[in-house]
Amino acid sequence: MTLVSRLERDAHLATQTHSPADALLRHAVDLSHHNTMALACSADTVITLHDEAQIDALMVDKTAAIKERPLLILSGGSNVLLPTKLDAVVLQPMMRGINVVAQTDSYIDIEVMAGENWHDLVTYTVHQGWYGLENLALIPGLTGAAPVQNIGAYGVQLEDHLLYVRAYHLPTQTWQQLSAAQCQFGYRDSLFKRSPNTWLISRVSLRLHTDPARVAVNYGDVKSVAQRYAEEHNRSQPAPSDVMQAIIHIRQQKIPDPKKLPNCGSFFQNPIIDQDQFDDLQSRYPDIVGYPMSEQKVKVAAGWLIEHAGLKGGGIAPILTHQRQALVLTNHQPYQARQIDVAKSQEFIVSQVYDKFKVALTREPIWVNTNASIGQSGHAD
């Protein structure tokens, strides 16, 4: 079965109604295989949600299992650092479906349910002739988590194509539809990230275009690699499918497959510093990688800083930077290593980079505490 036909089948199945009782409730759940960093973690209670009606029923008729318990919304586990013990109720939004809601000659609007695999969505849209997401290929995780981080890569961010997010506001127990502006997107940031465990995203609406000549290739090696794929198909200029293949190729060269070597993708954000500080660094390190931004700011490649601090392949075992991409932290004791191991390696790398360059690195993955609160506390589990 092809990817497209499988997704079409899954989208059809997702339109079938599940009763609220179908929400899967489990106790004492091992989540070590449900986070791409493969950290040891067990949760008191996990509830898997298959459609929006189950959310309403769950919140209105709270059972003893979740009443007055902290809640954690966990999607695909691709950008989180989980504690060894999670004393909380974990909600997993796994609703499926892809629906066209509007279409013209130049664009198409789609709604994507939160449980759809993000990379499968990218390949599906490109195969359908709906373009714009190709630069975001091979980003792990599910669609519902994409707005939280405002995922982005190779010159494109989710906010560039997002129309709205439909989400359940847990404090008021109401459904809300938030426009891109209301999502308050920033660099790897959003309203959802700043208000953790407040919004349960059920679907995301995207506007994609239909012009195969409109591609974003002016970032790093994308243009040259995409051109090579284009020429292999006797095209003079890269098409969106060529760009997608280029992105897949570049990412596979730099970032290990989490199924083979556990990781959560880029571990540190690219720091943004003043132009004067960048000029000073460039005078001492002419090959430093930076991208000019507005207001006399420069985004510096965190991977370059880590590598030139002598930490490529380094850290504190079992959490080490990857040999080919220093920006990625990898777990060499999958399902055994704990959150505290990540904390030790992170603190060591941040300290080494700051001592050499006086540039502070910021962690990108979301840190989850034992009580489901977000943000690293004084100690890790």
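Just so you know, all these numbers are worked out from the coordinates, no wet-lab data involved. Everything numeric in this text was worked out from a predicted model, so none of it was measured. As a convention, Cβ positions derive from the backbone with ideal geometry for all residues, glycine included, and neighbour counts pool all protein chains shown.
In summary, the helical segments of the chain meeting the span-like criteria, namely a full DSSP H run, a Cα extent along the axis of 24 angstrom or more and a mean Kyte-Doolittle hydropathy of at least -0.5, are 339-357. By the count of other C-beta atoms within 10 Å, a proxy for reagent exposure, 355, 56 are ordered fewest to most as 355, 56.
Residues whose amide H comes within less than 5 Å of that of residue 184, counting only those at least five positions distant or on another chain, are 191 (H built at 1.01 Å from N in the peptide plane). Taking the chain as the region of interest, the number of lysine pairs whose Cα atoms are within less than 18 Å, with members eight or more places apart or on different chains, is 7.
Return a whole-number percent for the relative contact order of the stretch 259-367, with Cα pairs under 8 Å and 6 or more residues apart as the contact set.
Values: 169 pairs, mean separation 34.8, N = 109.
With pairs under 8 Å counted, the relative contact order is 32 percent.
Classified by the C-alpha gyration tensor, the stretch 237-317 has an oblate form. Its axis ratio a/c, with a ≥ b ≥ c, is 1.5 or above, and a/b does not exceed b/c. Based on every Cα atom in the stretch 1-211, Rg and the maximum pairwise Cα distance Dmax equal 16.9, 53 Å. When only alpha carbons are used to place a centre, the stretch 102-148 and the stretch 285-314 end up 30 Å from one another.
With a simple spin-label model that places each label point 7 Å from the Cα along the Cα-to-Cβ direction, the separation between residue 294 and residue 26 comes to 4.6 nm.
Give the Kirkwood hydrodynamic radius (Å, one decimal) of the stretch 70-114, defined as one over the mean of 1/r across all pairs of different Cα atoms. All intermediate terms of the calculation are to be shown ahead of the outcome.
Numbers: mean 1/r = 0.0744 Å⁻¹.
Every distinct Cα pair counted, the radius reaches 13.4 Å.
Among 142, 311, 24, whose mean-square fluctuation peaks in a Gaussian network model of the chain (Cα, cutoff 10 Å)? Evaluated over the chain, the most mobile residue of the options is 24.
Which whole-number percent gives the relative contact order of the chain, counting Cα pairs below 8 Å spaced six or more residues apart?
17 percent
Summarised in one figure, the compactness ratio Rg/Rh of the chain, Cα atoms and Kirkwood Rh, is 0.97. Relative to one another, the C-alpha centroids of the stretch 67-85 and the stretch 316-332 are positioned 23 Å apart.
Using a 10 Å cut-off on Cβ atoms, rank the peptides 275-281, 359-365 from the highest mean neighbour count down. Walk me through the intermediate numbers first.
On the way: 275-281: 14.6, 359-365: 17.4.
Going from most to least packed, we get 359-365, 275-281.
Taking 287, 242, 160 in turn, the Gaussian network model of the chain (Cα-Cα springs below 10 Å) assigns the largest fluctuation to 287.
Residues 249, 233, ranked from the fewest to the most other C-beta atoms within 10 Å, line up as 233, 249.
Give me the Å³ per residue figure for the convex hull around the C-alpha atoms of the stretch 240-381. Walk me through the numbers before you get to the answer.
Working: hull volume 21.1 nm³, N = 142.
Hull volume normalised by residue count: 149 Å³.
Solvent-free Debye calculation, one equal scatterer per alpha-carbon of the stretch 126-251: log10 I(q)/I(0) at 0.11, 0.21 Å⁻¹ equals -0.43, -1.13.
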